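First comes the structure, then the notes that go with it.
Taken together, the values in this text are just the output of simple stated rules run on the coordinates, not laboratory data. Nothing here was measured: the structure is a model prediction, and the numbers come from that model. All Cβ positions, even for glycine, are placed from backbone atoms using ideal geometry, and neighbour counts span all protein chains on display.
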């Protein structure tokens, strides 16, 4: 209530509070509410006696996506080359509505593919034409390019297609990235058993043009993870609090789309050494927010941060310490 400006909103909240307090006398009445921004709700509504229980409906995992795809594609004529298991493994971050739209878009791709063969003047389609209306794997692959996860639409997300073989040389670096990121993401059960944790962040440094961005994309491709690319200077805003909000939003979206590789290019532009005299109030706040988010990554499974710079000496030392 403190954050709203209108008197109407305050009165509505107060009325709702008093009505919910009187629910017990009304007998078998239960109130169910839904939101995607629980922290924007008045805290008085979230205390015991009002909304006693909060249930978080998370973004579905691979098994959940497979089940949802099976439901939405069960009445579709599918080709033998359509592998629902494979589609579910590459559709990270997709919620139920996204997967429903994905199936519809794949069906539309199939229809568009056959449109030149259809005679629109005929009232009924001949059986031989109907037999051709089969959704194949290519239709789904094209639909995957167009349908982006709803949780990631405000963030630039890529599905990179860069294999290790396409990165020339750098064998030691590739091996290190495989051991640090790719294998823990692909075989989490094995690494959990060994007590090995994936690093929260990895800094790639070297002169411009040496393949730092390409390596980051290759890591995401080989790990079958989403790839969120962030250019450092684009995060900085002249408005107070906007840059920090941008950092928080990136990590929140990455959590929703896990497994995910978050790549900060030119990180030295947003995380310079504090107290050196060249930084601004904005960059100081950004560094603090970045440190907070990285410290909170312990509970974020399947998310790793990669950063690139050609000036590692300019980065705040707090970001370079272990952990």
* Asked: Please report, for the Cα atoms of the stretch 7-46, the Rg to one decimal and the Dmax as a whole number; what are they, in angstrom?
  -> 11.5, 32
* Between residue 84 and residue 67, 0.36 nm times their residue separation minus their Cα-Cα distance comes to what? -> 5.2 nm
* Kindly rank 249-262, 85-98 from highest to lowest mean number of other beta carbons found within 10 Å of each residue. => 249-262, 85-98
